[in-house]
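The values are calculated or read from the model by the stated rules, or taken from the named source; none is laboratory data. Since we're looking at a predicted model, the values are computed, not measured. Note that each Cβ is placed from the backbone with ideal geometry, even for glycine, and that neighbours are counted across all protein chains shown.
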Amino acid sequence: MALNTDQEALYRKTMQEVRKQLAALDAQIEKELQLVREKLAALQEQKKTYKLVLEGTAKLLGLEMELEEEEEKITDMPKV
């Protein structure tokens with residue numbers, strides 16, 4: 001069944017609108033990903049700082065500790 005001119009125009013307009021919406025979603029996804037990357041970087045910096053404090057405190061107490069073993073005790077989260 002062939003489309004008449006009005007139907008074809010409507011479907012083409014719909015396709016254009018959907019493409020615009022997809023592009024807007026892609027832009028929003030990228031924006032959100034950037035926010036997550038920034039938050040992750042800040043958390044990783046904070047983690048480094050805490051590791052230094054832990055290491056320094058252990059040293060002051062005369063304890064030898066491997067940070068990897070200590071990390072396993074602190075969190076069960078997988079490394080990213």
| request: For MET1, work out the one condition from (1) exposed (fewer than 10 other Cβ atoms within 10 Å of the Cβ); (2) among the hydrophobic types (A, V, I, L, M, F, W, C); (3) modelled with pLDDT of 90 or more it doesn't fulfil. | output: (3)
| note | Inside region 42-62, the number of residues satisfying the requirement of being surrounded by 11 or more Cβ atoms within 10 Å (Cβ to Cβ) and in a loop (DSSP other than H, G, I, E, B) is 0
| note | Here the residues within region 2-41 that are among the polar types (S, T, N, Q) and part of a helix (DSSP H, G or I) are THR5, GLN7, THR14, GLN16, GLN21, GLN28, GLN34
